[in-house]
Amino acid sequence: MKKVLVLYQSKTGFSQRYAEWIAEDLGCDCHSARDVEPVDLKDYGLIVYGAGIYAGMLAGARRIKNWMEKSPDKIWVVFATGATPPKEGYEEMILKTNFREGEVKPAHFFYLLSGINYEKMGLLDRLLMFFFSRMDSRKRGSQAPTKLTSIDLSSRTYTQDLLRYVRLKAK
Ligand SMILES: Cc1cc2nc3c(=O)[nH]c(=O)nc-3n(C[C@H](O)[C@H](O)[C@H](O)COP(=O)(O)O)c2cc1C
């Protein structure tokens with residue numbers, strides 16, 4: 001049985017909450033990737049990493065790819081959280097954008113629907129979202145929203161496929 005660790009990087013709490021749900025269901029350790037050094041990973045055989053998508057890019061991808069390259073003996077599972085409702089090809093597109101041809105790849109990649117939390121967002125991200133929403137409204141020819149409202153579309157049930165995969169691989 002492989003020892004499992006769940007790591008996350010999270011700005012507004014969505015990836016952290018998913019990571020904690022996953023770790024709770026697996027009965028394993030869970031930490032912020034920022035609090036961990038590569039040496040801390042030595043006892044684990046399977047590592048799950050989760051973070052948010054920002055303009056198509058998985059947060060902390062560079063660090064995790066670096067760790068994956070240094071520990072090819074471990075099984076790496078990655079999940080990305082995002083506000084885009086899952087549609088055909090989206091998961092594959094995010095995977096390909098963040099793990100390019102010739103780069104190290106996770107054993108499995110999952111996309112988990114989360115939401116948007118303006119209250120926990122930093123000023124820069126809030127400004128970016130404001131401009132994104134204006135651009136989107138212009139493209140659609142609709143009125144730009146006067147107030148940006150947070151939305152939580154996350155659900156513990158979305159972790160089921162990931163949990164099944166990890167349990168199988170950790171055996
Ligand atoms: C500036 C900004 C850009 C974002 N870009 C995307 C995106 O390209 N695709 C997407 O699905 N969600 C996008 N989101 C939503 C986040 O991915 C989502 O809220 C995520 O769960 C945040 O994770 P975290 O709170 O764990 O950091 C964006 C959010 C912000 C603030």
_Normalised per residue, the volume of the convex hull around the Cα set of segment 13-60 (Å³)_ = 86 Å³
_Neighbour-count order for SER32, SER142, fewest beta carbons within 10 angstrom listed first_ = SER142, SER32
_At 24 angstrom or more along the helix axis (alpha-carbon based) and mean Kyte-Doolittle of -1.0 or higher, what helices does the chain contain? Whole DSSP H runs only._
123-140
*Report the charge-dipole magnitude of the chain in Debye, nearest 20, computed about the Cα centre from +1 at each Lys and Arg Cβ and -1 at each Asp and Glu Cβ.*
360 debye
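As a footprinting exposure proxy, order TYR111, TYR8 by other Cβ within 10 Å, with the fewest listed first.
TYR111, TYR8
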*In this model, which of LYS87/LYS147; LYS65/LYS96; LYS42/LYS65 are farther than 22 Å apart at the alpha-carbon?*
LYS87/LYS147
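I want the antiparallel fraction of DSSP beta bridges within the chain, as a percent rounded to 5.
That works out to approximately 15 percent antiparallel.
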*Pairs of Cα atoms farther than 22 Å apart, the chain, %*: 45 percent
*Cα centroids of segment 152-166 and segment 9-85: how far apart, whole angstrom?*
14 Å
*Given 0.36 nm per residue, what is the gain on full extension from THR146 to PHE132 after removing their alpha carbon distance, in nm?*
3.7 nm
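Just so you know, all these numbers are worked out from the coordinates, no wet-lab data involved. Fair warning: this is a prediction, and the values are worked out from it, not measured in the lab. So basically every Cβ, Gly included, is an ideal-geometry build from the backbone, and we count neighbours across all protein chains shown.
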